[in-house]
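A short worksheet on the structure shown next.
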Number of protein chains: 2
Amino acid sequence: MTLDHTRLAPMANAIRALSMDAVQAANSGHPGMPMGMADVATVLFAQVLKFDPAAPKWPDRDRFVLSAGHGSMLIYSLLHLTGYDSPTIEDIRNFRQMGSPCAGHPENFLIPGVECTTGPLGQGLAMAVGMAMAERHLNAMFGDGLVDHKTWVIAGDGCLMEGINHEALGLAGTLKLGRLKVLWDDNRITIDGDTSLSTSEDIPARFRAAGWETLSCDGHDFADIARALAEAAASDKPTLVACRTVIGKGAPNKQGSHDVHGAPLGAEEIAAARAALGWTAAPFEIPAEILADWRSLGAKGAAARAAWEARLAADSQGAEFSRRMAGDLPAGDDVARTFAGWLDGDQNVATRKASENCLNVLAPLVPELVGGSADLTGSNNTKAKVQAPFTAADYAGSYVYYGIREFGMAAAMNGMALHGGVIPYGGTFLIFSDYCRNAIRLSALQQARVVYVLTHDSIGLGEDGPTHQPIEQVMSLRLIPNLNVFRPCDVIETAECWMLALQSPDAPSVLALSRQNLAQVRHDGEMLSARGAYRLRAASAARKVVLIATGSEVQLALQVADQLEASGIGSDVVSMPCMELFEQQDHGYKADILGGADVVRVSIEAGSTLGWERYTAGGLQIGIDRFGASAPAKDLFARFGFTADAIVPRIMGKVSS
Amino acid sequence: MTLDHTRLAPMANAIRALSMDAVQAANSGHPGMPMGMADVATVLFAQVLKFDPAAPKWPDRDRFVLSAGHGSMLIYSLLHLTGYDSPTIEDIRNFRQMGSPCAGHPENFLIPGVECTTGPLGQGLAMAVGMAMAERHLNAMFGDGLVDHKTWVIAGDGCLMEGINHEALGLAGTLKLGRLKVLWDDNRITIDGDTSLSTSEDIPARFRAAGWETLSCDGHDFADIARALAEAAASDKPTLVACRTVIGKGAPNKQGSHDVHGAPLGAEEIAAARAALGWTAAPFEIPAEILADWRSLGAKGAAARAAWEARLAADSQGAEFSRRMAGDLPAGDDVARTFAGWLDGDQNVATRKASENCLNVLAPLVPELVGGSADLTGSNNTKAKVQAPFTAADYAGSYVYYGIREFGMAAAMNGMALHGGVIPYGGTFLIFSDYCRNAIRLSALQQARVVYVLTHDSIGLGEDGPTHQPIEQVMSLRLIPNLNVFRPCDVIETAECWMLALQSPDAPSVLALSRQNLAQVRHDGEMLSARGAYRLRAASAARKVVLIATGSEVQLALQVADQLEASGIGSDVVSMPCMELFEQQDHGYKADILGGADVVRVSIEAGSTLGWERYTAGGLQIGIDRFGASAPAKDLFARFGFTADAIVPRIMGKVSS
């Protein structure tokens, strides 16, 4: 069914009315964007988008990403009007209030119809790139019958000014993601004023330079919008549609100005807007015939879903497809058995190499793994032997050459994880977690299973010097809620941490891995890393010292303990590959591992000491609280006091004092 | 003097020889880029760049930024060959070894001729934008006689793939920075392989879309290079020169491949390269006639400098110009006196507003302040009344509309600070420090006086919800070495923190400021914030509790203390606006403030608790270790336990236990 344009106008005004009312009631929010893009969004949902309000997680739905997330009332209006269970009108009445799923910015974990959390500008667009990648990959695996959808994005000037958008569209252009369609809210207004204050760019020309098709339309002319969206849908290139709009369209005195961007219109202007729009319904009320038109839109998607489900049931790969989309790992314990083979000999390899060894085991067994690196494949050791490149010519490949685009990669991985059907992991140097930090945070906030393989995790990387040597990165990542930061000490812990990362469906993980070789210190097959920290070696004499170390410093802690024990000072060595998991242990376990007031606790980690007092206050924190330097690793460790000879006397002073 | 091209070729080969030899000796480093860009760099230094090796800090020199910092041997070679004091040939022999100023990546704090620290890709280019901005601003203030120089950049594919480059060149295009010239090392190779693996962009088209002029040349044809650089120098637009080069040029078997990017060539290939280049000198030796040609190049700059110094001496503004370039603040205590006026009444304003009030005092008195915001001027309260916009039409303005470009802004501010003559500050929401985190780190590493005005510093921002509410940001910024993180509690502390930030010539500062109004709790004029933490109110009963709070939680700590004191529990309230400055105090002061084993110490900060155990282990850490939520601020503070009624019982439990 196609609604004619005389019926679309009141539908769009319903979005405007809800947006005005909700922002006014909350006395907080952004009416300008929902009002400006109401017409475009109405055409998108009425004529183009494939969706079924009864099944917000239907795998073959089109994805809709509101990259300009501050305009959240647009998506809340659309979901409510088209008949999704959530949000209800009551939720919208409570926009931005405690407990309402209608948060200030759309949150994927509060409303099933919200594909991803947006608000941090540019990242919605970049996540959409990841969704479009996942779609093409799964299509290559499972065929058109199961996977055949598009990803539509609404982005504002802010999204297109943020650097990440350059990374995202470069990736999309190179990968020829023809099912990615971006509707640019070209309203020429930012918070500070007219866009000419800060930019003079020819945005479509830039998109064309990256291999995109560009179109434009009058964002308030339904026929023109429909034409442009149809052309966009038909294009085999990633497509930008410049929608020329008036911000706050419908508010007669404020539209077209930055005053309407992020503040309530006020009672007077709302009254004027209602008059101008001919909108007479009470606040939060939608006239029945307009609501009926909105509610009619899901029928096409419902039919498409029914047909799709029939195909799924008939497809020999249907069960495997459903497993992957559900996020369940393959059954069986092949993986654990294979890792067990490593317990025999000593593998004194860098943990980045250990990680590669893990991937060579995991990739064939967990085919939904899609790896990659931000142009450091050989350094991050992220490519498994079985992985072919994911390219425009071969979407079946499962290894992505992301290019020098850390932020774009991280956001794309978020999009892939949220799309479902793949488990993304990607590598860069740990120091460059700084470049993608907010995307890592959004992995955590969105409860997305993304694995960050972050190598060269300390001064142990050596000669590249302070710009490349993480000091504060490990501890600062630990501060992000719902993120597991793993720093394994050897090949066995690396395998354990990989398993724990994959077994965390609702949380991202960081694997902080060494460049330099490390001694294998574990030769047992118990999954000890799951405790977060554990006693690697117990004191032989009466315990006076507990050494707590992570990663490359665990082998050093063992040497320190050797010397202390030789002096008759009983010393436990605790490996703490994951502080977050240790925090989750019960009091008894923690007390046993950490010991009481009778022991001196010492943390050893080649990074910031701030934070270690949680476990070692009153004891010692061996770390580095200044920038590194350029020199071979062994010289740096000596220079910064990371030798048993330097550490033991410091501990002796504490024990005797 | 213009050297003909037959003499330039051996000069360029001297760069190649030094680069091969140094990387080989270090068994670490990147020979590919210096060898590939040796010809271009030789023409630049021989014919175009204005420099005087005897005066590396001469204010009117051209700036040269090696944005592709991994090619550090290029700049070390250039500085040594042209006759700068540093690096010496011995320094180059010790490339990447402990104590050598020839670090893996070029560091501005180790070698005076290195304008900025590069290596984190894209940031060199973005810092160059800031240098070019500072040049135009000072030119507008002091005229062509004192300020008339260009900024030349060498950037690689990595620099142009990173998102920050989009922000940087958009800013440069909008501001029409015609003295900014970028030489793109167009070698079509990245670490992972051919650039076509990860990008298909038409880079010059993108630059043109942003208002740049684009040129190209054969990067191994001296005449063509000279033509292109002359055209670039003559253009009144920011200019990109695509220099088509062969990575590792001169290494006959490895050139043109990613194998030559980041590893020593090996003895065999070096021998082959020497044969191919006709280079017969011993390692690290430069034939006398070639060195003489290089050493002759500085003469032109020396003459220009002499003429410039004569103009400076004769200029009525010469002393003021020199003051600003030296980084000295204006003399006098006008500022302190003006702030003193605030001690009288209660100004219960948000600290972001208090900061604006400070700026209105400071901007007229400290004219070298150049402010700005990443499109949040009204929210960050960063614009002082006297500041006019800095635009292409008026470079005399001192307020920059940076657009939605946090990372680009931060890097540009680094460039401005390193250029000298201005003190940059810029605003965004604290949460978006994540977007520019590595540039903040580079401010600290480079010892650059940049002031980050980061507002909306906790859940106190309210309705915008978890994407916008900092949780871990304050603590994670504290982890960055050489960065002062200030979180003032009221209007007086805000003024103090601004003064401390300006009085730190070798360190950047973060001002974490509230969106919401805060009670004025200080009414004295002593500069207490300089201690980092101080006793705001002493216990009236015997001290049993020390409450340590920051920012918006100080007023809460006072309420908590009121209740505790009412129950007879003596409670100090300590305000800790800057943990870093407190760490620098002597033991006695710290012990006095913190108290001994007889007190319960409690930290109160609406953010991560990890880290607070440094001061309050065994006591209580009142904080937030999960993501926030969308609701009015007062509801959020109640929900997260930030009320006296919620906190007091927790402390009572500790005191009695």
| note | Out of (1) more than 9 Å from every other protein chain (Cβ to nearest Cβ); (2) assigned to a loop (DSSP other than H, G, I, E, B); (3) buried (at least 23 other Cβ atoms within 10 Å of the Cβ), the one A:GLY403 does not meet is (1)
| query | Applying the selection to the stretch A:431-449, what residues are in a helix (DSSP H, G or I), more than 8 Å from chain B (Cβ to nearest Cβ) and polar (S, T, N, Q)? | reply | A:SER433, A:SER443
| request: Report yes if some residue within the stretch A:558-576 is in contact with a Ser or Thr (Cβ under 9 Å, 6 or more places away or on another chain) and under 26 Å from B:THR609 (Cα atoms); otherwise report no. | output: yes
| task | Would you check which residues across the stretch A:491-549 are over 19 Å from the mean Cα position of the chain (by Cα), aliphatic (A, V, I, L, M) and under 26 Å from A:ILE480 (Cβ atoms) and list them? | result | A:ALA495, A:MET499, A:LEU513, A:LEU518, A:MET527, A:LEU528, A:ALA530, A:ALA533, A:ILE548, A:ALA549
| query | Name the residues in the stretch A:468-480 that are in a helix (DSSP H, G or I) and more than 7 Å from chain B (Cβ to nearest Cβ), would you? | reply | A:GLN473, A:VAL474, A:LEU477
| task | Quickly run through the stretch B:211-226 and pick out the residues that are touching a residue at least 24 places away in the same chain (Cβ under 8 Å) and over 18 Å from B:MET35 (Cβ atoms). | result | B:GLY211, B:TRP212, B:GLU213, B:THR214, B:LEU215, B:SER216, B:ALA223, B:ALA226
| remark: Across (1) within 14 Å of another protein chain (Cβ to nearest Cβ); (2) assigned to a loop (DSSP other than H, G, I, E, B), A:THR428 clears everything bar (2)
| field | Qualifying positions in the stretch A:341-354 - assigned to a loop (DSSP other than H, G, I, E, B) and at pLDDT 95 or above | value | A:VAL349
| said: Quick check on my filter: what residues within the stretch A:1-54 are in a loop (DSSP other than H, G, I, E, B) and among the aromatic types (Phe, Trp, Tyr)? | reply: A:PHE51
| message | Suppose we filter B:LEU110, B:LEU78, B:LEU121 for residues that are more than 8 Å from chain A (Cβ to nearest Cβ), at pLDDT 95 or above and in contact with a Gly (Cβ under 9 Å, 6 or more places away or on another chain); which single one remains? | response | B:LEU78
| note | Checked against (1) within 14 Å of chain B (Cβ to nearest Cβ); (2) closer than 23 Å to A:GLU289 by Cβ; (3) among the charged types (D, E, K, R), A:ARG96 satisfies every condition except (2)
| From the residues in the stretch B:27-77 that are touching a strand residue (DSSP E or B) at 6+ places or on another chain (Cβ under 8 Å) and β-branched (Val, Ile, Thr), which one is farthest from B:GLY122 (Cα to Cα)? | B:VAL48
| field | Qualifying position, being in contact with an Asp or Glu (Cβ under 9 Å, 6 or more places away or on another chain), under 30 Å from A:ASP344 (Cβ atoms) and at pLDDT 95 or above, among A:GLU565, A:GLU613, A:GLU605 | value | A:GLU605
| request: Could you give me the residue pairs with C-beta distances under 8 Å whose first residue belongs to the stretch A:57-85 and is within 30 Å of A:PHE142 (Cα to Cα) and in contact (Cβ under 8 Å) with a residue 12 or more places away in the chain, whose second residue is outside any helix (DSSP H, G or I) and of a type in the set (Lys, Arg) wherever it lies, and which are 6+ apart or on separate chains? | output: A:ASP60/A:LYS50; A:ARG61/A:LYS50; A:ASP62/A:LYS50; A:ASP62/A:LYS150; A:ARG63/A:LYS150
| request: Answer with yes or no whether A:GLY415 is in a loop (DSSP other than H, G, I, E, B) and either among the aromatic types (Phe, Trp, Tyr) or crowded, with 24+ Cβ neighbours inside 10 Å (or both). | output: no
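Every residue, every condition in (1) among the acidic types (Asp, Glu); (2) over 30 Å from the mean Cα position of the chain (by Cα); (3) surrounded by 14 or more Cβ atoms within 10 Å (Cβ to Cβ), yes or no:
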position	(1), (2), (3)
A:ARG323	no, no, yes
A:GLY332	no, no, no
A:ALA340	no, yes, no
A:GLY345	no, yes, no
| Restricting the search to the stretch A:196-211, which residues are closer than 17 Å to B:TYR399 by Cβ and either among the hydrophobic types (A, V, I, L, M, F, W, C) or more than 7 Å from chain B (Cβ to nearest Cβ) (or both)? | A:SER196, A:LEU197
| Would you pick out the residues in the stretch B:355-394 that are assigned to a loop (DSSP other than H, G, I, E, B) and either within 19 Å of B:ARG515 (Cα to Cα) or hydroxyl-bearing (Ser, Thr, Tyr) (or both)? | B:ALA374, B:ASP375, B:LEU376, B:ASN381, B:THR382, B:LYS383, B:ALA384
| task | Report, by residue number, each residue of the stretch B:67-95 that is closer than 15 Å to B:ALA25 by Cβ, aliphatic (A, V, I, L, M) and surrounded by 19 or more Cβ atoms within 10 Å (Cβ to Cβ). | result | B:MET73, B:ILE92
| Restricting attention to the stretch B:450-461, does a residue exist that is in contact (Cβ under 8 Å) with a residue 60 or more places away in the chain, under 23 Å from B:VAL349 (Cα atoms), buried (at least 24 other Cβ atoms within 10 Å of the Cβ) and at the interface with chain A (Cβ under 10 Å from one of its Cβ atoms)? | yes
| message | Looking at B:GLY551, B:GLY465, can you tell me which residue is among the small types (Gly, Ala, Ser), within 14 Å of chain A (Cβ to nearest Cβ) and in a loop (DSSP other than H, G, I, E, B)? | response | B:GLY465
| query | Filtering the stretch B:484-505 down to residues that are over 16 Å from B:MET576 (Cβ atoms) and out of contact with any Lys or Arg (no Cβ under 7 Å at 6 or more places or on another chain), which residue is surrounded by the fewest Cβ atoms within 10 Å (Cβ to Cβ)? | reply | B:GLN503
| task | Would you confirm whether any residue within the stretch B:646-654 is more than 14 Å from chain A (Cβ to nearest Cβ), at pLDDT 95 or above and under 30 Å from A:GLY29 (Cβ atoms)? | result | yes
| message | Take A:ASP144 and tell me if it is surrounded by fewer than 24 Cβ atoms within 10 Å (Cβ to Cβ) and in contact (Cβ under 8 Å) with a residue 12 or more places away in the chain. | response | no
| Which listed residue is assigned to a strand (DSSP E or B) and within 14 Å of chain B (Cβ to nearest Cβ), from A:VAL510, A:VAL545 | A:VAL510
| field | Filtered residues of the stretch B:214-239 (kept if within 14 Å of chain A (Cβ to nearest Cβ) and of a type in the set (D, E, K, R)) | value | B:LYS237
| query | Which pairs have Cβ atoms under 8 Å, sit 6 or more apart or on different chains, and link a residue in the stretch B:597-608 that is away from every other protein chain (no Cβ under 12 Å) and buried (at least 24 other Cβ atoms within 10 Å of the Cβ) to one that is part of a strand (DSSP E or B) and among the polar types (S, T, N, Q)? | reply | B:VAL602/B:GLN621
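The values are calculated or read from the model by the stated rules, or taken from the named source; none is laboratory data. Because the structure is a prediction, the values reported are computed rather than measured. Note that we place each Cβ from the backbone using ideal geometry, even for glycine, and neighbour counts take in every protein chain shown.
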